[in-house]
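The values are calculated or read from the model by the stated rules, or taken from the named source; none is laboratory data. Computed from a prediction, not measured in an experiment: that's the story for all the values here. Using ideal geometry, Cβ is built from the backbone for each residue, glycine included, and neighbour counts are taken over all protein chains shown.
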Amino acid sequence: MAAFVLDADDAALEADPGRPARRQDLSGDDQRAFREQGPALMTYRELARMSLVEPLEDMFPILKVLLEKTGAWEACIQAFLDARVVRSPHYRDIAPSFLGWLAETRWGQDRWPFLLELAHAEILEVLVARYPDEESPAGLHAEPGPGDLVVLAGPTQVVSYGHAVHRSRVDSPVPEARPTHLLAFRDPEGDARLMDLTPATAALLRQAQDQPLGAAAEALGFTDLDPVLDLLRGLRRDGAIAGFLPFP
């Protein structure tokens with residue numbers, strides 16, 4: 001049934017619904033059942049494929065428009081289905097599986113070097129919004145100091161792209177090629193938000209998770225720590241940072 005649903009050749013299946021049963025070397029009775037139930041099976045195939053493709057169309061509308069302009073969307077979807085990477089029974093896992101497949105195979109990225117970044121940017125806020133609630137680490141305090149580590153909230157991600165993919169739109173899907181750094185987080189109301197970061201601030205938020213804030217800031221050329229501390233306080237109020245821990 002997986003081959004019947006996922007294989008590409010609609011015309012061959014329409015002409016001979018028993019073809020997959022023969023290829024799988026099923027019994028004569030099963031092969032006959034496939035032939036006799038051809039119209040019902042083709043309806044099932046259409047519905048099952050739709051359930052796999054619709055989450056991708058909903059989650060990656062800009063990517064879809066980009067690829068449709070060159071007639072590559074259907075080829076991309078079929079290549080994804082051919083890979084048989086969807087193992088979860090939940091619709092919510094189809095789009096992340098597609099993103100993982102793009103990362104692993106690098107499909108289309110010779111032609112569109114920003115393709116994976118665009119797909120990631122399209123799903124980023126959804127992944128942040130759906131991130132499961134969890135308890136913050138013990139011992140956090142609210143006020144940052146130069147000897148502290150920064151502890152990001154669970155959903156928060158610091159992401160860097162080579163293209164401004166978060167600015168892509170359906171009517172202009174090709175992004176500008178420029179380094180882009182973003183903070184993706186969930187605010188106290190539970191809404192996902194994106195914030196543009198400077199390269200230095202993005203680096204600081206990464207490095208200060210493993211080394212004292214003051215040392216990380218100094219290494220990155222921040223000569224005045226007060227604006228850094230104000231930024232971190234604001235990010236904690238906004239929900240991006242869980243709190244601060246003394247460096248061991």
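Structure notes:
- Qualifying positions in the stretch 167-205 - within 16 Å of the chain's Cα centre (by Cα), buried (at least 20 other Cβ atoms within 10 Å of the Cβ) and over 30 Å from residue 147 (Cβ atoms): 168
- Residues that are under 19 Å from residue 128 (Cβ atoms) and surrounded by fewer than 19 Cβ atoms within 10 Å (Cβ to Cβ), drawn from the stretch 77-98: 90, 91, 92, 93, 96, 97
- Helices (runs of 4 or more DSSP H) completely within the stretch 58-167 that count 3 or more residues being of a type in the set (Asp, Glu): 115-130
- Residue 134 buried (at least 17 other Cβ atoms within 10 Å of the Cβ), out of contact with any helix residue (DSSP H, G or I) (no Cβ under 6 Å at 6 or more places or on another chain), at pLDDT below 95 and within 25 Å of residue 183 (Cα to Cα): no
- Residues (free of Cβ contacts under 8 Å to residues at least 60 places away in the same chain and in contact with a Lys or Arg (Cβ under 9 Å, 6 or more places away or on another chain)) located in the stretch 79-120: 92, 93, 97, 115, 116
- From the list 157, 209, the lone residue that is in contact with a strand residue (DSSP E or B) (Cβ under 9 Å, 6 or more places away or on another chain), within 30 Å of residue 67 (Cα to Cα) and in contact (Cβ under 8 Å) with a residue 24 or more places away in the chain is 157.
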